[in-house]
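S.K.: Provided herewith is a single structure, encoded as structure tokens, for subsequent inquiry.
No value in this document is a laboratory result; all are computed from the given coordinates. Note that the structure is a prediction, hence the values are computed from the model and not measured. With ideal geometry, Cβ positions are generated from the backbone for all residues, glycine too; neighbour counts draw on all protein chains shown.
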Amino acid sequence: MINKPELTDGEIYIGAITQADGTGNHIILLAGDNNDAEWQAQMDWAKSVGGDLPTRAELILLFEHHREQFQLDWYWSNTQHADAAGYAWCQNFYYGDQYNLSTDHKLRARAVRRVAI
């Protein structure tokens with residue numbers, strides 16, 4: 001059994017993501033939704049509120065189980081494109097699509113914090 005970490009006001013427990021070796025993290029959605037900004041600015045914002053942008057996998061989990069916490073818009077992930085410098089992945093919270101865009105596009109952001117399991 002995995003014990004959930006304690007939450008502070010406004011935080012929402014999302015779930016846990018584990019690796020094949022049993023390591024992993026609890027994912028906690030932080031309060032607040034940041035207006036449109038370029039990818040690096042959103043990465044900096046997330047850090048300033050004590051978190052990080054979600055990974056691509058975390059965004060899928062958020063879309064599937066907590067989409068009411070998001071506006072029907074595009075949100076940045078923290079995941080840069082593996083083969084294209086200057087591009088990062090994002091999630092659409094209306095249709096559910098994921099896509100990679102140039103990091104100079106301005107998209108919304110939510111921050112998460114991770115607690116090791």
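S.K.: Return the only residue of Y99, Y94 being among the aromatic types (F, W, Y), more than 9 Å from the chain's Cα centre (by Cα), more than 27 Å from I2 (Cβ to Cβ) and not in a strand (DSSP E or B). Please lay out each step first, then the result.
M.R.: On the way: Y99 fails: not in a strand (DSSP E or B).
Only one candidate passes the filter, namely Y94.
S.K.: Could you list all residues from the range 58-75 that are part of a loop (DSSP other than H, G, I, E, B), touching a Leu at 6+ places or on another chain (Cβ under 9 Å) and farther than 15 Å from Y99 by Cβ?
M.R.: At the first step, the residues of the range 58-75 found to be part of a loop (DSSP other than H, G, I, E, B) are 70-73.
From what is left, the residues that are touching a Leu at 6+ places or on another chain (Cβ under 9 Å) are 70, 73.
Correct list: F70 only.
S.K.: Suppose we filter L62, L107 for residues that are closer than 20 Å to Y13 by Cα, crowded, with 20+ Cβ neighbours inside 10 Å and either under 15 Å from the mean Cα position of the chain (by Cα) or of a type outside the set (K, R) (or both); which single one remains?
M.R.: Details: L107 fails: closer than 20 Å to Y13 by Cα.
Among L62, L107, only L62 is closer than 20 Å to Y13 by Cα, crowded, with 20+ Cβ neighbours inside 10 Å and either under 15 Å from the mean Cα position of the chain (by Cα) or of a type outside the set (K, R) (or both).
S.K.: Quick check on the range 14-57: of everything there that is among the aliphatic types (A, V, I, L, M) and free of Cβ contacts under 8 Å to residues at least 24 places away in the same chain, which residue is farthest from G96 (Cα to Cα)? Please lay out each step first, then the result.
M.R.: First, pick out the residues of the range 14-57 that are among the aliphatic types (A, V, I, L, M): 14, 16-17, 20, 27-31, 37, 41, 43, 46, 49, 53, 57.
Filter once more, keeping what is free of Cβ contacts under 8 Å to residues at least 24 places away in the same chain: 20, 31, 41.
Details: A20: 26, A31: 21, A41: 23 Å.
Filtering first and then ranking leaves A20.
S.K.: Q40 fails exactly one of the following numbered conditions: (1) of a type in the set (S, T, N, Q); (2) in a helix (DSSP H, G or I); (3) within 13 Å of the chain's Cα centre (by Cα). What is the number of that condition?
M.R.: (3)
Residues are listed down the side, and each one gets a yes or a no for (1) of a type in the set (S, T, Y); (2) closer than 20 Å to A41 by Cβ; (3) in contact (Cβ under 8 Å) with a residue 40 or more places away in the chain:
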| position | (1), (2), (3) |
| --- | --- |
| I60 | no, no, no |
| F63 | no, no, no |
| N78 | no, yes, no |
| A85 | no, yes, no |
| Y95 | yes, no, no |
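S.K.: Which of the residues that make up the range 90-117 are farther than 17 Å from N34 by Cβ and not small (G, A, S)?
M.R.: So the first thing to find is which residues in the range 90-117 are farther than 17 Å from N34 by Cβ, and the list is 94-100, 102, 114-117.
Y94, Y95, D97, Q98, Y99, N100, R114, V115, I117 - these are the residues of the range 90-117 that are farther than 17 Å from N34 by Cβ and not small (G, A, S).
S.K.: Please determine whether any residue of the range 61-78 is under 21 Å from I117 (Cα atoms) and in contact with a helix residue (DSSP H, G or I) (Cβ under 8 Å, 6 or more places away or on another chain).
M.R.: Among the residues of the range 61-78, at least one is under 21 Å from I117 (Cα atoms) and in contact with a helix residue (DSSP H, G or I) (Cβ under 8 Å, 6 or more places away or on another chain), which makes the answer yes.
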